[in-house]
Amino acid sequence: MASGNEVLTSGGYIKHHLTNLTFGQKADGSWGIAHGAEEAAQMGFWSIHLDSMAWSIGLALIMFFVFRKVAKGFSVDKPGKLQLFIESIFEFADTSAKDGFQFANVYIAPLALTIFCWVFLMNLMDLIPVDWIPEAFVAAGVPYMKIVPSTDINVALGLALAIFIMILYYSFKEKSPWGFFLELTTHPFSAKEFGIKSSGAQMAMNAILYPLNFVLEVVSLLAKPVSLGLRLFGNMYAGELIFILIALMFSGGWLMLSEGGYLSGTLLALGGGMLQIVWAIFHILVITLQAYIFMMLTIVYLNQAHEHGDH
């Protein structure tokens with residue numbers, strides 16, 4: 001376990017694998033790549049994670065290239081295995097969109113397909129052994145390389161922010177800005193629910209309830225992108241951390257073997273190897289489930305944006 005010529009401790013190994021390749025303005029005013037988490041933190045808001053951007057955009061381009069290839073070579077009589085596979089994914093996304101979205105919008109099914117495939121591909125990078133690509137970049141002189149974009153909170157919240165913008169867009173489009181404002185102020189409480197029948201008393205009670213409703217509904221609205229992004233980030237970050245800890249266990253076994261601890265080293269290395277396989281198999285379900293949840297919540301939130309309340 002090393003970073004360049006520097007031998008890492010267990011804590012340093014974990015920290016190294018969880019640090020992004022960050023580009024930004026350094027404390028001395030120059031621009032460049034951060035060499036350490038502390039220097040990356042000092043770069044502030046205008047820094048950028050080069051590895052997360054490169055891998056997420058690269059995976060998106062691969063996805064679009066495959067879709068384009070299947071579309072150009074589409075055959076009804078003799079479909080290939082790749083075409084059948086893509087068709088099954090398309091039908092899955094289309095069925096999910098029809099089940100979760102009750103309105104007429106031709107963009108929802110393609111959006112669901114794009115989200116599921118893109119998030120799945122980003123999550124899928126978690127199954128590549130944690131040392132292979134980062135160590136190859138370290139050998140080439142690149143200090144850090146995180147290859148799982150969804151373990152970067154900036155990527156997860158960036159995706160969620162894009163969905164949130166769509167929620168606001170369709171809320172304004174379908175309900176009008178005034179209708180959307182009324183929806184935020186007239187729910188969940190109203191004078192009628194308290195049994196007040198007099199029109200004057202209802203107006204007075206509603207005047208008190210409107211600010212309360214607005215605060216509650218705005219909090220609920222803002223919670224959608226936050227929960228959407230943090231759910232994806234939290235699950236994938238935890239999975240990546242477990243892979244790193246298992247790799248550390250496996251490496252510790254080999255270190256014991258090299259120092260003459262044959263029994264303990266063998267047991268630790270074999271245990272780490274078995275855990276790696278078991279966790280990888282289980283993680284296939286996790287990465288698929290997280291992509292599906294992100295897709296379905298997007299569909300549900302956009303469906304809510306199209307709904308008209310009783311106000």
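Observations on the model:
- Every Cα-Cα pair in the chain was counted, and those over 24 Å apart are 65% of them.
- Percentage of interatomic Cα-Cα distances in the stretch 1-93 larger than 18 Å: 64
- J(HN,Hα) series, the stretch 72-82, from Karplus relation 6.51 cos²θ - 1.76 cosθ + 1.60, nearest Hz, glycine and proline x: 5, x, 4, 9, 7, 7, 10, x, x, 5, 5
- Backbone HN-Hα couplings from phi across the stretch 86-100 [Karplus 6.51/-1.76/1.60, Hz, Gly and Pro as x]: 5, 4, 5, 5, 4, 5, 4, 5, 5, 5, 4, 5, 5, 6, x
- Of every Cα-Cα pair in the stretch 36-82, the percent that sits beyond 16 Å: 61
- Entries of Lys72/Lys98; Lys173/Lys224; Lys15/Lys146 with Cα pairs more than 21 Å apart: Lys72/Lys98
- Phi to ³J(HN,Hα) by Karplus 6.51 cos²θ - 1.76 cosθ + 1.60 over the stretch 27-38, Hz, x for Gly, Pro: 4, 7, x, 7, 10, x, 8, 6, 10, x, 5, 5
- By the compact-protein rule of thumb, 2.2 N^0.38 Å, the alpha-carbon radius of gyration of the stretch 195-266 corresponds to a ratio of 2.57.
- Sequence ranges 172-185, 225-238, ranked by mean other-Cβ count within 10 angstrom, highest first: 225-238, 172-185
- The alpha carbon centroids of the stretch 258-311 and the stretch 120-176 are separated by 15 Å.
- The alpha carbon gyration tensor of the stretch 177-311 gives principal lengths a ≥ b ≥ c with a/c of 1.5 or higher and a/b greater than b/c, which makes the shape prolate.
Readers should treat all values here as calculations from the given coordinates under stated rules, not as data from a laboratory. No experiment lies behind these values; they were computed from the predicted model shown. No Cβ is skipped: glycine too gets one built from the backbone with ideal geometry, and neighbour counts run over all protein chains shown.
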